[in-house]
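Single-structure report; data block below.
No value in this document is a laboratory result; all are computed from the given coordinates. Values in this document were obtained by computation on a predicted structure and should not be read as measured data. Every residue, glycine as well, gets a Cβ built from its backbone with ideal geometry; the counts of neighbours run over all protein chains shown.
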Amino acid sequence: MKFYKIKDILDDLESCIDRRLPFSHIRFGDGGIKFIDSVLNNDRDQLTVIIKKEGLPSHKIVEIFELWGYHARHANYIDSPEVYYNGKFWPRVKREGKQINTETELKLREWYKLYNDSEFDNENYCNPESNYLMILRTQKFNNILDLMKNKKICIITVFPEVKELLQGYDVDVVKIVAHYENQYQNSFKEVIEIIKQKANDYDFWLVAAGELGRIYSGYIKECGGRTIDIGFVIEYWLEGYIHPRLHTFIQPNPENKLELKLTEAGEEYEDYI
């Protein structure tokens, strides 16, 4: 089982930009694992929580699930939780000194069966934390901020104010509604239409849009564009927020507030990133 490093993914993206080839990087994370599990195992309680938070209509769940599978099969890279268990990356914790709950742990360890039952059929695996790892400042690779220079970028996000923060870059923003604001009803069709019209107007897209974001990413590639699932990096850029599970291993880069750097504990895993 191969896990592609950040340098591999960003080099591939850069090559696709230069050759105007489609590209997608899609992360499902533990939220995606829970959604897959709830659909496959008919866990109505878990599914109800996800539907409310992510703004998914209950009568569209099967369609959304099938679109996940379709776009996963066609993605250049999808993430896998296996990196947390093969000894080559830091462990998945809730926060320093606190393990994730047993139920989530069991689901993550069952990821291969869940992916297989979902017909993802894609073994170009990457790290679930690849969004954060792409903004690391390290001697091992140029990060995504380096790649963004002199490129035209579109970001799908709840936070249009990120455009002001990225004034040194050529950035447009497609705004979506936030969690618990019915994203499917209030944003989905509009975003899909924008992608259909403008997928190729940009060198690449950055997507931070929750569970529906996997469909946006896949559709961008289907329309000939290129996309990276940037996720909560937007919150880091705007608020300096880093998820507590990562505090032991990564920290803000004091030389550039848009970047991260490895802590001493994180440097132990640098060769595998």
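Could you please find all residues in the range 1-27 being part of a helix (DSSP H, G or I) and surrounded by 20 or more Cβ atoms within 10 Å (Cβ to Cβ)?
Once the filter is applied, which keeps residues that are part of a helix (DSSP H, G or I) and surrounded by 20 or more Cβ atoms within 10 Å (Cβ to Cβ), the range 1-27 yields I6, I9, L10, L13.
Against the condition in a helix (DSSP H, G or I) and either under 15 Å from the mean Cα position of the chain (by Cα) or charged (D, E, K, R) (or both), how does Y132 come out, does it pass? So that I can check it myself, show each step before the final result.
Details: in a helix (DSSP H, G or I): yes; either under 15 Å from the mean Cα position of the chain (by Cα) or charged (D, E, K, R) (or both): yes.
In short, yes.
Which one of these is over 17 Å from the mean Cα position of the chain (by Cα) and β-branched (V, I, T): I78, I17, I36? Explain how you work it out, then say what you get.
Working: I78 fails: over 17 Å from the mean Cα position of the chain (by Cα); I36 fails: over 17 Å from the mean Cα position of the chain (by Cα).
It is I17.
For I6, only one of the following conditions fails: (1) touching a strand residue (DSSP E or B) at 6+ places or on another chain (Cβ under 8 Å); (2) under 24 Å from K196 (Cβ atoms); (3) of a type outside the set (D, E). What is its number?
It is condition (2) that I6 fails.
Here is a list: K88, K53, K34. Which entry is over 25 Å from T227 (Cα atoms), of a type outside the set (A, V, I, L, M, F, W, C) and surrounded by 14 or more Cβ atoms within 10 Å (Cβ to Cβ)?
Among K88, K53, K34, only K88 is over 25 Å from T227 (Cα atoms), of a type outside the set (A, V, I, L, M, F, W, C) and surrounded by 14 or more Cβ atoms within 10 Å (Cβ to Cβ).
Select from the range 233-273 the residues that are farther than 14 Å from N131 by Cα and among the charged types (D, E, K, R) and list them in ascending order.
E239, R245, E255, K257, E264, E267, E268, E270, D271 - these are the residues of the range 233-273 that are farther than 14 Å from N131 by Cα and among the charged types (D, E, K, R).
Go through the range 7-47 and give me each residue that's among the charged types (D, E, K, R) and either touching a Phe, Trp or Tyr at 6+ places or on another chain (Cβ under 8 Å) or within 18 Å of K221 (Cβ to Cβ) (or both).
K7, D8, D11, D12, E14, D18, R19, R20, R27
Looking only at the range 229-257, how many residues end up being of a type outside the set (D, E) and either within 17 Å of the chain's Cα centre (by Cα) or more than 19 Å from T138 (Cβ to Cβ) (or both)?
Of the residues in that region, 15 qualify.
Taking the range 96-129, which residues are in a loop (DSSP other than H, G, I, E, B) and of a type in the set (D, E, K, R)?
The answer is E96, E110, E119, D121, E123, E129.
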